[in-house]
């Protein structure tokens, strides 16, 4: 059973890789991105899409950093063995 799951995961990863690879090969045309003040960037479409994805991930991670820091601080302040799950009193309403 473990080998079957490993094979299924490998097949899924290979399918995703080959799909993205085919996408990259089919989108080699140049795209022009217009920024502010007349600045432009000309690059293959696949690089433009990849750059947008990377910027989106970076913005998402930076948006989560304050929450991560707060949870780490609260976890360090909690006594050892304490139940750290918080309940919302309005949740049951």
Pick out the one residue from 12, 7, 74, 45 that is modelled with pLDDT of 85 or more, surrounded by 10 or more Cβ atoms within 10 Å (Cβ to Cβ) and within 19 Å of the chain's Cα centre (by Cα).
12
Checked 31, 24 against criteria (surrounded by 10 or more Cβ atoms within 10 Å (Cβ to Cβ), free of Cβ contacts under 8 Å to residues at least 60 places away in the same chain and assigned to a helix (DSSP H, G or I)); the one match is 24
For the stretch 35-55, how many residues meet the condition of being part of a helix (DSSP H, G or I) and either in contact with a strand residue (DSSP E or B) (Cβ under 9 Å, 6 or more places away or on another chain) or closer than 16 Å to residue 20 by Cβ (or both)?
10
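The values are calculated or read from the model by the stated rules, or taken from the named source; none is laboratory data. For clarity, every value in this text was computed on a predicted model and none was experimentally measured. FYI the Cβ positions are ideal-geometry reconstructions off the backbone, even for glycines, and counts take in every protein chain you see.
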